[in-house]
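The values are calculated or read from the model by the stated rules, or taken from the named source; none is laboratory data. Note that the coordinates shown come from a computational prediction; the quantities given were computed from them, not determined experimentally. Note that each Cβ is placed from the backbone with ideal geometry, even for glycine, and that neighbours are counted across all protein chains shown. When the accessible area is computed, the model is the full protein with side chains, heavy atoms only, and any ligands, DNA or RNA have been set aside. Shrake-Rupley method; radii C 1.70, N 1.55, O 1.52, S 1.80 Å.
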Amino acid sequence: MKLLLKGARVIDPAQNLDALMDVLVEGGKIAACKPGIKAPAGAKVLELSGMLVTPGLIDMHTHLREPGYEYRETIASGSAAAVAGGFTSIACMPNTLPVNDNRSVTEFILRKAAEANLANIYPIGAISMGSEGKQMTEFWDLREAGIAALSDDGNPVMDAALMRRAMEYAYSLELPVIQHCEDKNLSAGGLMNEGYQATVLGLPGIPAIAEEVMVARDILIAEYTGTRIHFAHVSTTGSVRLIRAAKKRRLKVTAETAPHYFTLTDESLRNYDTNYKVSPPLRGDADVSAIKEGLADGTLDAIACDHAPHGRTDKEVEFEYAACGISGLETSLGLSLSLVQEGILPWPELIAKMSCNPARILNLPKGTLAKGADADITVIHPDLAWSVDVAAFHSLGKNSPFSGRKLKGRAVLTIVGGDIKYDGRASQP
Amino acid sequence: MMKLAKKDILGIEEMTADEISLILETAESFLEISTREIKKVPTLRGKSVINLFYEASTRTRTSFEIAGKRLSADTINIAASTSSAVKGETLLDTARTLEAMNPDIIVLRHSVAGTPHMLARMVKQSIINAGDGAHEHPSQALLDMMTIREKKGRIAGLKVAIVGDILHSRVARSNIYGLSRMGARVVVAGPATMMPRGIERMGVEAFTTIEDAIAGADVVMMLRIQLERQKQNIFPSLREYSHHYCLSRRHMKLTAPDAIVMHPGPINRGVEISPDIADDPACSVILDQVNHGVAVRMAMLYLLSGGNE
Amino acid sequence: MNNRPKIVMDSEGIERCLTRIAYEILEKNKGMDNLALVGIRTGGIYLALRLQKRISAIENKKIPMGILDVTLYRDDVAKTSKKAPLGKTDIPFDLTDKKVILVDDVLFTGRTIRAAMDALIDFGRPKMIQLAVLIDRGHRELPIRADYVGKNLPSSLWEAVSVNLLEKNGKDEVVIEEGS
């Protein structure tokens, strides 16, 4: 099948490209990317003037819940949510049941992903068996099975010695290590950001230093061992400062943040709405500004939504017992576009943080529209006004604090390997 | 005619000075009923009040129960040992179950802050917060204010010192809101480990020694120390805590000469207050607080009854 | 329609009524042994005080008097969130075996008196309860009648009858006007 995308503004940060041109897709690959391409015989032509054509977006931090928690999300429903949100590739964290700490779970995920046949799915393997922070998993075996990275996700590696060994062993295998930074002793019992809002709400606090202590520690380990580390969902001023300093010293440090950390503050918890309960917790105004600065100056390489779908019994309970997380795949792009609208990021930089940068961090052969690359393409309508309707989510997780929020801009076409996997053009007003 | 324009009483934070005064004045009229031979009026006959307590509390539950009974309401006590989450229920399931019992008012105590607020959004019945986590305990603050008003004739212009574990105290938070709104100057004191971040933004001055806080105070309110907090290392030992924060005779020279001493109970004698002060009728108003508790809770039930038409 | 308030009884009229009622109470009860007055909040309090003064003067002995707030006994109190300001009840004597004269300003539906009788009985077991009112405007909804009436004032349901008293309104008069 041949596809010709005509007349759109093509932004490919990997090639430093930002111009009106056409993109030709043949045999699942990018055949050409230049102005004035004539439609070859049999090609399906898509008129896309006013639209943006970008490398397929990549969310490097999601939770697909299968195996084990299929009522929250399945690999199929999560894949559908991904392409509806404009993502052609996603990486999924290992905190399933059982944990993705061995080849058979990885293979199961990849088999289910192939059955769903929507987005590319890159499993992330656990650093330790059961993510219990004790015994390292078989990184080599997991890599052969197809993992893209290693992480113990929400059970961060508290044991610095284990973390050091894991980073060394993984580095020799060219596997990125991702850390959710949270010193579990400092955060123990906490339910929201420590500060005035927690004081007023009477909820136990999680101090910013719970995140920052581990960021600092892992930067020191990365420096000492000469290995690399990627920080998941950075949320505090101090973390941004530490990562910025580490990058300045040319350490192999990368970092992501999630849309809610530059969109919301802990003040939104005033009604005890558990949809705002996330880990790390929503922080203060100063942190939101610091995250935006970190995005603008390149300290934060990627935007990943930490897609965390939950069922009603996980969220509609007392605040303490409610699960953390936001079902984010279908709002991530819309929320992130505000960074362009507010003038914080130019278009190519935003697209880089959602495509080629995550591809680079995860060593994926993705994130570009260069000739011969896999034809993973996202078409964005930059001005389309829409409002978030959780009932219409493809994700089984309807847990979003953005329900009802008015957003501007969204993906209208998602093409994976040359096939249109999501076409939202008809359903738009 | 007057009216408490509220469906629920969830916290003092959202109450105006007028609303607080209305409850206090109503409670003052209710005091007399408890002195009658027949300590009961038929006001809430046919109304039912569910006391739903997810956290053990003999005092508050009994006080609400007596208040309901003196107004002739049917009071039903439910001691819920587990949360809805543990049962695999959502709060909405809990709300529907409660609604099916068709009560008029639900008095809710829960160890997790915000649970009364969540439930109030889900049920049509009035919810009275009988204490949620470290958030609010409105009936306690109201009875404290009633006691202060009775003993001091006013609240405005008084200096009130609250001493102890401010971090974990819903009593402190409700009193800070209420007393400030009624014109008192509130100061708090406790070790830095017991002082929540940003407390000054609530309009109080914070100290780390009891002496600094109670200087010239008209009212000294001592908070209960939860012994299990020792495990969280917010204080090293009861011995050391009591040595530095127990209100004793020598402190009473620092306060205003006619200062009163309060405690939400139950007291750890010799830990928060020395026995001679706790039992000294010249300054201790702890038993008045208990007595006022019933009247205040009668006033809350009474003013919320009749629904929210 | 004439919307202006009409004065149906002036200060002297009120005084004469109260004097007559004082004598009637003493005549009917053959003196003031075991007699007590209880004024119903708020208008009844001042009328009871004035009766107390008259009876005490006639008999040269102070007749006991109490104050009753019947709000908590009303049959509509729990049905609405609008509440009348709650006053204190103060009955500083034992009601048991007393002949109690309930005093109120206007007798209308009878529901206030019903509430007052229930309240009194919670305080003790009076030997007898009698009722004194300044105005009886009719329209009873309960089988209640007054033993002593200052003036029978036929009125329409939509009219409002108010007893203004020096102690609370600055002047003595009974006024009838079109209700709003």
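Near C:VAL175, once Lys and Arg are set to +1 and Asp and Glu to -1 for all other residues with Cβ below 15 Å from its Cβ, the sum equals -1.
Interface residues of segment B:96-118, defined as those with an accessible-area decrease of at least 50 Å² between the chain by itself and the complete set of protein chains (probe 1.4 Å), are B:VAL112, B:ALA113, B:MET118. Leaving ligands and nucleic acids aside, the C/B contact buries around 1900 square angstrom of accessible area in total at a 1.4 Å probe radius. With R₀ set to 60 Å, the beta-carbon distance separating A:ASN363 from B:ALA215 gives a calculated FRET efficiency near 0.35.
Give the calculated FRET efficiency between B:SER72 and C:SER56 to the nearest 0.05, with a Förster radius of 41 Å applied to their Cβ-Cβ distance. Efficiency computed from Cβ-Cβ geometry: 0.65. Computed on segment A:181-261, the Cα convex hull volume stands at 81 Å³ per residue. Mean sequence separation of contacting Cα pairs (under 8 Å, at least six apart), scaled by the length of segment A:141-286, corresponds to a relative contact order of 21 percent. With a 1.4 angstrom probe, the accessible area lost at the B-A interface totals about 2000 Å². The peptide list B:279-291, C:62-74, put in order of mean Cβ contacts within 10 Å with the highest first, becomes C:62-74, B:279-291. Using only the Cα atoms of segment A:223-370, build the gyration tensor, take square roots of its eigenvalues as a ≥ b ≥ c, and label the shape rounded, prolate or oblate: rounded if a/c is under 1.5, else prolate if a/b is larger than b/c, else oblate. Prolate.
Only helices reaching 20 angstrom along their own axis (Cα) with mean Kyte-Doolittle hydropathy no lower than 0.5 count here, and not one DSSP H run of chain C does. Peptide A:316-329 shows a mean partner chain C-beta count of 5 within 10 Å per residue C-beta. Near A:GLU342: Cβ cut-off under 12 Å, other residues only, Lys/Arg at +1 and Asp/Glu at -1. The net charge is +2. Rolling a 1.4 Å probe over the heavy atoms of the protein chains gives segment C:1-59 an accessible area of 55 Å² per residue.
With 50 Å² as the minimum drop in accessible area between chain alone and full protein complex (1.4 Å probe), the qualifying residues in segment C:62-85 are C:LEU72, C:TYR73, C:ALA78, C:SER81, C:LYS82, C:LYS83. From the P(r) of chain A, could you give the percentage of C-alpha pairs in the tail past 39 Å? The share of Cα pairs beyond 39 Å in chain A comes to 14 percent.
Rounded to the nearest 10 degrees, the inclination of helix A:285-296 to the longest alpha-carbon principal axis of chain A is 40 degrees. For peptide C:116-122, the mean count of partner chain Cβ atoms within 10 Å of a residue's Cβ comes to 2.
Along its first, second and third principal axes, ordered by size, segment A:341-429 spans 39, 32, 25 Å in Cα coordinates. Indicate the residues belonging to segment B:1-20 that lose 20 Å² or more of solvent-accessible heavy-atom surface (probe 1.4 Å) upon moving from the chain alone to the assembly of all protein chains, ignoring ligands and nucleic acids. So the qualifying set is B:MET1, B:MET2, B:LYS3, B:GLU13. As an equivalent ellipsoid, chain C spans semi-axes of 26, 21, 14 angstrom, where each value is the square root of five times an eigenvalue of the C-alpha gyration tensor, largest first.
When the Cα convex hull of segment B:137-203 is projected onto planes of every orientation, the mean area is 4.1 nm².
Ligands, DNA and RNA left out, the 1.4 Å accessible surface of the protein assembly as shown is 51% carbon and sulfur atoms. The packing ranking of peptides A:161-169, C:26-34, A:13-21, highest mean first, is A:161-169, A:13-21, C:26-34, where packing means the average number of other beta carbon atoms within 10 angstrom of each residue. The count of lysine pairs in segment C:89-180 that are at least 8 places apart or cross chains, and whose C-alpha atoms lie under 25 Å apart, stands at 5. Using a cut-off of 18 Å between Cα atoms, the listed pairs C:LYS30/C:LYS62; B:LYS7/B:LYS39; A:LYS2/A:LYS38; B:LYS40/B:LYS124; B:LYS6/C:LYS88 include B:LYS7/B:LYS39; B:LYS40/B:LYS124; B:LYS6/C:LYS88 as exceeding that distance.
Using alpha carbons only, how many degrees (0 to 90, rounded to 10) separate the axis of helix B:17-30 from the longest principal axis of chain B? It works out to around 80 degrees.
Per residue, chain B reaches -10500 deg cm²/dmol at 222 nm when only DSSP H runs of four or more residues are counted, each adding -39500 (n - 2.57). The Cα-based radius of gyration of chain B, divided by its Kirkwood radius, gives an Rg/Rh of 0.97.
For peptide B:164-172, the mean count of partner chain Cβ atoms within 10 Å of a residue's Cβ comes to 1. For the protein assembly as shown, the equivalent ellipsoid derived from the alpha-carbon gyration tensor has semi-axes of 72, 34, 22 Å in decreasing order. For segment A:326-381, evaluate the Debye formula with one uniform point scatterer on each Cα (no solvent term) and list log10 I(q)/I(0) at q = 0.15, 0.16, 0.18 Å⁻¹, rounded to two decimals. For segment A:326-381 at q = 0.15, 0.16, 0.18 Å⁻¹, log10 I(q)/I(0) is -0.50, -0.57, -0.71.
Convex hull of alpha carbon positions in segment A:154-311: directionally averaged projected area 9.2 nm². Taking each residue as 0.36 nm, the span from A:MET158 to A:GLU174 lengthens on full extension beyond its C-alpha to C-alpha distance by 3.5 nm. Packing around the peptides A:412-419, B:235-242, B:73-80, B:211-218, taken as the average count of other Cβ atoms within 10 Å per residue, puts them in this order, highest first: A:412-419, B:211-218, B:73-80, B:235-242. With the charge dipole of segment A:369-429 set up from +1 on Lys and Arg Cβ and -1 on Asp and Glu Cβ about the Cα centre, the Cα lying farthest toward the positive end among the listed residues A:ALA385, A:GLY417, A:SER395 is that of A:ALA385. Within segment B:82-224, the proportion of Cα pairs with more than 22 Å between them is 46 percent. The residues of segment B:115-198 expose, per residue, 24 Å² of accessible area to a 1.4 Å probe. Each listed q (0.16, 0.30 Å⁻¹) maps to a log10 I(q)/I(0) for segment A:42-102 from the Debye sum over equal C-alpha point scatterers, namely -0.61, -1.23.
What chain A shows is 35 Å² of accessible area per residue, with the surface traced by a 1.4 Å probe over protein heavy atoms. Where only DSSP H runs of four or more residues are counted, chain A gives -8500 deg cm²/dmol as its mean residue ellipticity at 222 nm, each run worth -39500 (n - 2.57). Relative to the longest principal axis of the Cα atoms of chain A, helix A:160-172 runs at roughly 30 degrees.
Each Lys or Arg adds one and each Asp or Glu subtracts one; over the other residues with Cβ under 13 Å from the Cβ of A:GLY190, this totals -2. Adding -39500 (n - 2.57) for every DSSP H run of four residues or longer, then dividing by how many residues chain C holds, sets the calculated 222 nm ellipticity at -9000 deg cm²/dmol.
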